Amino acid sequence: MNIISLPVEFDNEKIDGRFRLVNIAAQRAKEIASGEKPKIPTKSKKVTTIAIEEAIQDKLEFLTGEEAIKAREEAERLDFRRLLEEKKEVETEDLSELERDLKIYIHEKEQVEPDRPNELADSEG
């Protein structure tokens, strides 16, 4: 079986408790599941096990205390929706006129398509 035996021993100077270890490992497991490569050589297959091993071996960077509070405040100040809209605008500006027209055509076609099969069924029956 490919699982870490608990209780896990970790450096209390770096990680101040099991709850913190679980949070760090959970965030890292999401990253690994999204396609990031493990930072350590391991025989483990499960992303959670790999994440815990990385955290125990001090291969992950994380913030605690005042640094974490400041980072969260800065992240909350950022307007991610605005940034995404700006990115979409830049992507649209790079398109040629033909590509813009095709995007509009495809968008309109997608809106009409769902009703179309029903129309065909009504005319056949």
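The values are calculated or read from the model by the stated rules, or taken from the named source; none is laboratory data. A quick note: this is a predicted structure, and the numbers were derived from the prediction, not measured. Virtual Cβ from ideal backbone geometry, glycine too; neighbours counted across all protein chains shown.
Some points to look at:
- Selection count, the range 45-60, where residues are surrounded by fewer than 17 Cβ atoms within 10 Å (Cβ to Cβ) and either farther than 18 Å from Glu9 by Cα or of a type outside the set (D, E, K, R) (or both): 3
- Helices (runs of 4 or more DSSP H) completely within the range 8-125 that count 3 or more residues being modelled with pLDDT of 90 or more and within 22 Å of the chain's Cα centre (by Cα): 18-33, 47-56
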